[in-house]
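Heads up: the structure comes next, in structure tokens.
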DNA sequence: GCCTAGGTCCCGTCT
DNA sequence: AGACGGGGCCTAGGC
């Protein structure tokens with residue numbers, strides 16, 4: 001068995017000093033059951049993240065119940081009590097417990113037992129290990145922000161379904177329309193009968209987006225020999241891009257990708273309800 | 001950096017022998033980027049399971065897109081190419097890729113980059129590591145069977161084996177029967193010879209379940225040109241759903257998933273006993 | 001490839 | 001608390 005301990009600092013490493021108070025990472029290779037029990041108790045009380053790899057079997061009882069026969073798996077226990085039992089294949093854990101469950105660890109008949117209990121609904125996952133290949137516990141530092149964006153395609157579909165997202169009276173004619181050097185996202189006419197080209201961007205539009213729109217507008221203007229309006233639809237536009245947009249006589253319309261995907265979902269829902277109640 | 005290698009046998013351990021052909025577990029603590037690239041390439045080509053713990057940021061592009069700013073996380077890559085990025089809290093991975101994606105690993109500007117690409121839909125998850133706390137790769141041996149009880153399938157089988165769970169005189173004719181778009185869970189006739197459609201839910205049935213049943217009843221009524229009864233079988237039904245159910249002239253029957261699985265177990269037991277004692 | 005439906009779905013939100 | 005709907009849902013099964 002070897003053990004390596006890293007300190008708080010990003011690069012300083014403490015070797016074989018389990019008592020160092022700053023230790024953030026503890027790795028035990030091939031620990032015996034007693035040591036594993038100690039390490040896990042320590043980890044659970046300190047709300048450390050735990051990874052156990054070893055030979056285990058698992059019982060689950062709750063809304064349903066299940067039995068997993070022995071085999072080698074990866075078990076993760078997180079700071080908030082979430083538990084995941086992963087096999088060597090597949091996206092999903094074979095057994096699990098969502099966050100907020102209470103953890104117990106003990107030795108029973110020479111096996112390591114980890115019990116994760118949750119209430120409402122009452123559910124119990126019990127993991128039995130007869131061999132632990134390795135066990136590690138961590139204090140992970142993670143303040144990184146996570147941002148999720150809906151797709152540009154959602155925005156396009158939402159605009160086609162609800163053209164007033166661009167402006168009142170806008171009527172789409174076509175989309176993904178081929179113009180010489182590419183595809184126009186949406187193409188239509190405004191309330192005064194003028195041709196409109198819409199360029200959609202899922203994120204803050206920069207000068208590149210403006211130039212792309214300008215290119216399409218210019219191409220169409222020439223090929224049709226008539227006035228063409230250009231509208232940039234995006235959640236935001238950068239200062240420089242707005243400047244450029246105005247100087248080229250183009251318009252900006254704020255469109256939020258998330259709202260677009262919600263709008264689409266609502267439309268779909270209504271379609272189904274209408275089908276049932278007015279068939 | 002230390003490294004420990006276990007052999008095929010359950011207890012025999014090979015220390016610091018990276019060339020041993022039987023190695024099943026490789027653990028690298030605090031590896032540098034080049035070593036990590038080598039280990040990962042080796043692991044991916046040998047379809048080993050990988051766990052990486054370190055400081056990383058993640059980009060996702062596909063149906064939607066997302067950005068995860070730097071922080072310490074656990075990344076798991078499985079034999080079949082499934083990828084999971086886990087933060088220190090929560091049941092769900094913050095980023096992921098389902099099984100079947102193609103993996104690339106390389107060094108770029110002193111960072112370790114793991115790229116997981118999937119097609120249909122085309123999706124890319126890119127993970128950048130600037131520090132790796134530890135990296136381990138495994139050949140997990142896992143042939144253990146998994147059994148789940150009290151699923152909707154158990155309820156279906158129980159109803160087919162014991163149709164009085166629905167009502168006295170009910171006779172099932174078919175199950176998983178295809179109707180225009182979808183499948184009827186159980187299909188049969190009641191004591192008065194009327195066609196019955198049964199929709200099974202393993203938990204409290206909501207309005208959606210009622211609408212699902214209504215859809216099947218309506219479709220069959222039209223295609224058969226005769227009366228069709230609809231029965232929703234579930235442990236509970238929500239107030240609103242019950243209201244809707246009644247207004248549509250459908251019935252509810254309380255059926256408990258656990259009792260279904262017990263019934264099946266008892267039937268199975270009896271079958272085995274009968275086989276041995278009255279062959 | 002599409003569509004349909006289930007899941008120990010999980011999770012946020014609202015009543 | 002329950003109820004409802006969304007999800008990069010994932011996954012399995014049919015066509």
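The values are calculated or read from the model by the stated rules, or taken from the named source; none is laboratory data. Bear in mind that the values here come from a model prediction, so they are computed numbers and not experimental data. Reconstructed Cβ throughout: ideal geometry from the backbone, glycine too, with neighbour counts over all protein chains shown.
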Taking region B:116-158 as the region of interest, how many residues are within 13 Å of DNA strand C (Cβ to nearest atom) and outside any strand (DSSP E or B)? 13
Going by what's in this entry, would residue B:192 be described as assigned to a loop (DSSP other than H, G, I, E, B) and farther than 30 Å from residue A:74 by Cβ? yes
Selected residue (criterion: farthest from the chain's Cα centre (by Cα)) from residues of region B:48-92 that are surrounded by fewer than 18 Cβ atoms within 10 Å (Cβ to Cβ), modelled with pLDDT of 95 or more and more than 8 Å from chain A (Cβ to nearest Cβ): B:59
Filter region A:43-70 for residues that are closer than 30 Å to residue B:257 by Cβ and free of Cβ contacts under 8 Å to residues at least 24 places away in the same chain and give the result. A:64, A:65, A:67, A:69
Residue count, region B:83-115 (criterion: within 16 Å of DNA strand C (Cβ to nearest atom) and closer than 16 Å to residue B:34 by Cβ): 0
Inspect region A:114-123 for any residue being away from DNA strand D (no atom under 16 Å from the Cβ), in contact with a helix residue (DSSP H, G or I) (Cβ under 9 Å, 6 or more places away or on another chain) and closer than 29 Å to residue B:80 by Cβ and give the result as yes or no. yes
Hey, residue B:211 hits all of (1) surrounded by 15 or more Cβ atoms within 10 Å (Cβ to Cβ); (2) without any contact (Cβ under 8 Å) to a residue 60 or more places away in the chain; (3) in contact with a strand residue (DSSP E or B) (Cβ under 9 Å, 6 or more places away or on another chain) but one; which does it fall short on? (3)
Report yes if residue A:99 is within 15 Å of DNA strand D (Cβ to nearest atom) and either within 20 Å of residue B:143 (Cβ to Cβ) or in contact with a helix residue (DSSP H, G or I) (Cβ under 9 Å, 6 or more places away or on another chain) (or both), otherwise no. no
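Could you please find all residues in region B:195-213 being assigned to a strand (DSSP E or B) and either near DNA strand C (Cβ under 8 Å from one of its atoms) or under 21 Å from residue B:260 (Cβ atoms) (or both)?
Correct list: B:196, B:197, B:198, B:199, B:200, B:205.
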Can you tell me how many residues within region A:184-201 are touching a helix residue (DSSP H, G or I) at 6+ places or on another chain (Cβ under 9 Å) and surrounded by fewer than 20 Cβ atoms within 10 Å (Cβ to Cβ)? 1
Failed criterion for residue B:147 (all others in (1) within 13 Å of DNA strand D (Cβ to nearest atom); (2) free of Cβ contacts under 8 Å to residues at least 40 places away in the same chain; (3) out of contact with any helix residue (DSSP H, G or I) (no Cβ under 9 Å at 6 or more places or on another chain) hold): (1)
Kindly indicate whether any position in region A:130-139 is buried (at least 18 other Cβ atoms within 10 Å of the Cβ), free of Cβ contacts under 8 Å to residues at least 12 places away in the same chain and facing chain B (nearest Cβ under 9 Å). no
Could you say which residue among A:167, A:176 is surrounded by fewer than 18 Cβ atoms within 10 Å (Cβ to Cβ), more than 14 Å from chain B (Cβ to nearest Cβ) and out of contact with any helix residue (DSSP H, G or I) (no Cβ under 9 Å at 6 or more places or on another chain)? A:167
